[in-house]
Every structure is written in C-alpha cells, then in structure tokens.
Amino acid sequence: MILSFSLICLSTYLIWKASESFDIASSYLTRNLNEGIKGPTINAIASSLPELLISFFFLFYIGDLEGFSAGYATIIGSSIFNIAIIPAVSFLVIYYKYGTPLFPTDKKIIEQDGFFLIVTEIALLAGLYFGGISIYLATILIVLYCIYIVLVFKKRNNKNLTNTARTSQNNKEDYIEETGLFKKIININIAGLILNKSKLNTWKASLILVISLVIISLACKELVTSSEQLSEQLNMNLFFITFFIAAVASSIPDTILSVKDAQNEKYKDAFSNAYGSNIFDICIGIGLPVLVYLMVNGIDVISTTSTSKNNNIVFLSSIFLIVFSIPITIIYWFKGINFYRSIIVIGFYLSFLGLVFYLS
C-alpha cells in the first residue's frame, strides 16, 4: 500500500512539473490569443490532457464497464474539483498573498461557459439514460465540444492584446532562466533544460510540448496502475479511488494555471479555464476514448449488465454533478468570489465527495 501511494505521489509530481513546461510552450505558441479565449481553449486542453490520458488508459487497460467507470470517475471528480476548488484556491492564494478582497468574475463568461457546461452535463446524463455508453453518446459529446470552440472564438475574438498577456509571457521567460542545472533536473524543468537561457522559439516550444506530453503520458499510465493496486489493497471501490485521488492528481495542472493567471490579474482566464477544462473533460475526455474503444473493438455500445453497481454509480454521479454545478455557477454569476463564498463552494465539493464515498 505504501508503495502504491508513493507511486501515485510520484506520478502526480511528474504530471505537475511536466505540465508547467507544457504551459510555457503552449503559452508561447498561442501568445497572440486574447484573454478569455486562451483560458477555456488552449489552457483547458493543455491542463486536461492528464484526464484524457487517464480515461484512455483505464478503458483500454481494464476494459468494458469497469474500465469506463474508473476513467469516468476521474472525469467527474476532476469536473467538480475544477469548478469548486480551482476558483476558490485561486482566490485564497491572492487573498493571503496580496490581500486582494475579491476575485472578480465575468458574467458573460459565466453565462456562456456555465450554461454550456450544464448543457453538456445534461447531454451526458440523457445519453447514459437513453442509449448507454454508445458510439452515439461519444459522437454527440465530441460535436458539442466543437460547437463550444466555435462559439468561444466567435464571441471573444478581439485583435487587441492585453498588457496582462504580455506580462504573463515575460514572467514565463523569467521562470525558464531562474534555476541551475541540478535544480532544473529535480524540478523536471523541461523548458529550462532545452533552452538553457536561450530564447524560446516555435521549434523549441514544439519540442518542449512533445517531451512534456511523453512524461505526462508515462505518469498517467503509472497513476492508473497504482490506483487500481491501491483500490485492491484498501478493499475499496475503484470508482471512489479514482474519483478522489486520480481526479485531484490530474487537476493539479489546472489549479496551477489558474493560480498563476490570478496572480497576473488575468481573472477571466483564471476562471474560464476551470469551466473550459470541464467541458473538454466531459466532451473529449469521455467521448474520444469511448469512440476509439468502440471502433477498435467493432461494437456499438459498452455492456452495462455485468456490474450493475458500477452502472448505478456512473448514472447517479452524473445526476449529482448537475445538481452541484448549478448552485455553484449561480454563486459565481451573482457575485465575485470572496472568502466566505469560497468556503461555501469548497463545502459543496466536500459534500459531493461524501456522497460518492457513500454510494461506492
């Protein structure tokens, strides 16, 4: 058990550190995108790669409903963590570090991203209820994400770059140059090792992306196998282990990105990243692995008759996700985030966690 937990911690550390270099490279390659677009698109995709990879690994490693439910638990756990914990933690960091009394939220972004997230969650619930884990559900989820991306660029496209975006990029370049060789190796500072105080360019940024992705993939694979072993050793349902441990581990990159954006006063990106990540997680993190798995195995639907308990948890957790997402989104829409509202939102997350533990 100690070994499994240690490997989970190591995998989490690798995902966290490799994601930092991934963020540096992706931020350079997308430096001309405006605030409010980068958060829910590039940041969300980059920081949600762990959830997508974990979902793939669980489905193909274990297979059928059990493998799907483990990956699904990671997605659902990450989703509630993203919208409840990430904005709250981002606020608490700037509150205690800078004394900022309020984390401002943008009503237009909440209306767009919050509404689309809830629509996505309802589509997921309806798909599970009427068609099960089918190729039709996977296709619908992927199409929904494509629609979301089109709407984001259409609604928020503005050619005038903000000063905060430039400031953020300068901060990233400073970060690359600040450590020595040994510290870069310990910190898995891929960007620093490749650049070695040279300037970032498109080729080097692309190389950093590829190496970071390889490390993240290997760490996610280890996280999957270690979570399964820990589940057996603790005699606990794999659904809860992945809902809590794997989901939190895979959400660390999202949290770091949002905290950094908040520190740079890029509140729109800090906030919208959480919602954009959820939409990516549900639509692509569930839809794409299911679609590939069904096509590879030449079947139309994953059977839900073999383990009815897992099937019930999958369905009920999707209901709870909607039930908790709506009031959290309403809180963000009416007011900015302050200390008391952040505590309330964290309380929602802990309640969700307790419900899933009870079910599993």
* Note down all Cβ pairs under 8 Å where the first residue falls in the range 51-76 and is without any contact (Cβ under 8 Å) to a residue 12 or more places away in the chain, the second is buried (at least 24 other Cβ atoms within 10 Å of the Cβ), and they're at least six residues apart or on different chains. => Gly67/Phe58; Gly67/Leu59
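In the range 177-192, what count of residues is obtained for those that are surrounded by 17 or more Cβ atoms within 10 Å (Cβ to Cβ), part of a helix (DSSP H, G or I) and not small (Gly, Ala, Ser)? Step through it out loud before you land on a result.
Looking only at the range 177-192, we keep the residues that are surrounded by 17 or more Cβ atoms within 10 Å (Cβ to Cβ), and these are 184, 188-192.
When the remaining residues are screened for being part of a helix (DSSP H, G or I), the result is 184, 190-192.
In the following step, the residues that additionally are not small (Gly, Ala, Ser) were identified as 184, 190.
Number of matching residues: 2.
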* Asked: Does Thr255 meet the test of being β-branched (Val, Ile, Thr), at pLDDT below 85 and surrounded by fewer than 19 Cβ atoms within 10 Å (Cβ to Cβ)?
  -> no
* Which residue pairs have Cβ atoms closer than 9 Å, lie 6 or more positions apart in sequence or on different chains, and pair a first residue in the range 128-151 that is among the small types (Gly, Ala, Ser) with a second residue that is at pLDDT below 85 and surrounded by 14 or more Cβ atoms within 10 Å (Cβ to Cβ)? -> Gly132/Ile302; Gly132/Thr304; Gly132/Asn311; Ser134/Ile302
* Hits in the range 187-207 - residues which are on the phi > 0 side of the Ramachandran plot and not basic (Lys, Arg) -> Ile188, Asn196
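Counting just the residues of the range 269-305 that are surrounded by 14 or more Cβ atoms within 10 Å (Cβ to Cβ) and of a type in the set (S, T, N, Q), which one comes out modelled with the lowest pLDDT?
First, pick out the residues of the range 269-305 that are surrounded by 14 or more Cβ atoms within 10 Å (Cβ to Cβ): 269-294, 301-302, 304.
Filter once more, so that each one left must be of a type in the set (S, T, N, Q): 272-273, 277-278, 304.
Numbers: Ser272: 69, Asn273: 70, Ser277: 80, Asn278: 85, Thr304: 64.
Of everything passing the filter in the range 269-305, Thr304 is modelled with the lowest pLDDT.
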* **Close pairs (9 angstrom Cβ cut-off, 6 or more residues apart or separate chains): over 18 Å from Leu234 (Cβ atoms) in the range 1-14, outside any helix (DSSP H, G or I) anywhere** => Tyr13/Ile188; Leu14/Ile188
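From Ser308, Ser360, which residue is more than 22 Å from Ile122 (Cα to Cα) and modelled with pLDDT under 90? Can you show your working first?
Values: Ser308 fails: more than 22 Å from Ile122 (Cα to Cα).
Ser360 is the lone residue from the list that is more than 22 Å from Ile122 (Cα to Cα) and modelled with pLDDT under 90.
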* Structure fact -> Within the range 1-18, the residues that are assigned to a helix (DSSP H, G or I) and loosely packed, with under 15 Cβ neighbours inside 10 Å are Ile2, Leu3, Ser6, Cys9, Leu10
* Asked: Applying the selection to the range 215-253, what residues are more than 18 Å from the chain's Cα centre (by Cα) and more than 16 Å from Leu10 (Cα to Cα)?
  -> Ser231, Glu232, Gln233, Leu234, Asn235, Met236, Asn237, Leu238
* **Which numbered condition Ala88 fails, given (1) within 19 Å of Leu288 (Cβ to Cβ); (2) at pLDDT 85 or above** => (1)
* Structure fact -> Note on Phe239: of the conditions (1) farther than 27 Å from Ile147 by Cα; (2) at pLDDT 90 or above, unmet is (2)
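The values are calculated or read from the model by the stated rules, or taken from the named source; none is laboratory data. Here the structure is a predicted model, which means the values were calculated and not measured. No Cβ is skipped: glycine too gets one built from the backbone with ideal geometry, and neighbour counts run over all protein chains shown.
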